[in-house]
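Worksheet for the structure shown next.
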Amino acid sequence: MIELNDISQAVIEGNAKKAKELTLIAIEKNVPPETILHKGLVPGMDVVGQKFKNNEYYVPEVLIAARAMNAALDILRPKLATDAANYKATVVICTVKGDLHDIGKNIAAMMLEGAGFRVIDLGIAVPTEKVVEAVKLNKPAILGLSALLTTTMTNMKDIIEALEKEGLKDSLKVIVGGAPITEEFAKSIGADGYAPDATIGVQIANALIQGIS
Ligand code: B12
């Protein structure tokens, strides 16, 4: 019997091979992908975050754990995805300029995909001009922005201002997320939604596209 704790442990140890193997075994045993994500992988990363905070882990250990987490997410992604014909709306998502944290953004992207959105992921440390370009090109209903650093969260404001300047803001809704973000901050920069986690992100995205259509 596969223990979800073992999956958490593989992330904590930064053992990508084990994290992938255990995720595959769990899928074979019909453990729902959402359960593997929320009861296995995410709690593992939470422990890593705690250890980093308490100076038990340093950047290299965190990086190795993040690789293990992302390797397992790669396996889960197709299991959560919806087929192309049934997309509800397009979401462009990225981590903002100067910020390399992508685990939360990847989870949000995956959950949105699983909920029926077409997700265009621009990646990490994306310059404001690139975001604006991608909005022009893909005309998404929703733009999802992630920032994990207090020094980079202000770049979300720059993006919203740039979209306003180009006359693009009225045609889409912006959802912001990431550990330092708060509801107040989201409001203060003119975002349409704040997602403390990916599940709430999906709920907000669903509510916002109803408002659009
Ligand atoms: C992993 C990690 C790293 C890894 C990142 C690897 C990777 N591929 O992502 C590495 C080692 C590279 C790293 C580097 C650094 N890090 Co770091 N890192 C973390 C850590 C431990 C975990 C973050 C994480 O993945 N959490 C798990 C995910 C699942 O949670 P999440 O990101 O919050 O996402 C959820 C929600 O927020 C939400 N969400 C997030 N984004 C979005 C977007 C949308 C659209 C939606 C809908 C939802 C959503 O949904 C997600 C899932 O539910 C945090 C600690 C913490 N408590 O957050 C520090 C932390 C963020 N890092 C920190 C720091 C200081 C750094 C460095 C500056 C360290 C250094 N000295 O070099 C560098 C900066 C590099 C850079 N330029 O970005 C600080 C930030 C402090 C601050 N106030 O700014 C933290 C808080 C640690 C700490 N307590 O000091 N880090």
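The values are calculated or read from the model by the stated rules, or taken from the named source; none is laboratory data. Just so it is clear, the model here is predicted, and its values are computed rather than measured. Positions of Cβ are generated from backbone atoms using ideal geometry, with glycine treated the same way; all protein chains shown enter the neighbour counts.
Quick one: which of Ala72, Ala108, Ala68 is without any contact (Cβ under 8 Å) to a residue 60 or more places away in the chain, among the hydrophobic types (A, V, I, L, M, F, W, C) and part of a helix (DSSP H, G or I)?
On the way: Ala72 fails: without any contact (Cβ under 8 Å) to a residue 60 or more places away in the chain; Ala108 fails: without any contact (Cβ under 8 Å) to a residue 60 or more places away in the chain.
Just a single option satisfies the conditions, and that option is Ala68.
One line per residue, one yes/no per condition, for (1) in contact with a Ser or Thr (Cβ under 8 Å, 6 or more places away or on another chain); (2) more than 9 Å from the ligand (Cβ to nearest atom); (3) under 29 Å from Lys157 (Cα atoms):
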residue: Gly44; (1), (2), (3): yes, yes, no
residue: Tyr58; (1), (2), (3): no, no, no
residue: Ala72; (1), (2), (3): yes, yes, no
residue: Ile75; (1), (2), (3): yes, yes, no
residue: Val96; (1), (2), (3): yes, yes, yes
residue: Gly123; (1), (2), (3): yes, yes, yes
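Taking each residue of segment 45-57 that is in a helix (DSSP H, G or I) and looking for partners that are within 6 Å of the ligand (Cβ to nearest atom) and modelled with pLDDT of 95 or more with beta-carbon atoms closer than 6 Å, six or more apart or interchain, yields nothing.
Examine segment 62-70 for a residue that is within 13 Å of the ligand (Cβ to nearest atom), within 30 Å of Leu22 (Cα to Cα) and either in the same structural domain as Ile189 (by TED's automatic domain parsing) or basic (Lys, Arg) (or both), and state whether such a residue exists. The answer is yes; a qualifying residue exists.
Among the residues in segment 148-161, are any in contact with a Leu (Cβ under 6 Å, 6 or more places away or on another chain) and either away from the ligand (no atom under 12 Å from the Cβ) or in a loop (DSSP other than H, G, I, E, B) (or both)? No, segment 148-161 has no match at all. Residue pairs whose Cβ atoms lie under 9 Å apart, separated by 6 or more positions or on different chains, with the first residue in segment 1-15 and over 7 Å from Gly44 (Cα atoms) and crowded, with 17+ Cβ neighbours inside 10 Å and the second at pLDDT 95 or above and polar (S, T, N, Q), are Ile7/Thr23; Ala10/Thr23; Asn15/Gln9.
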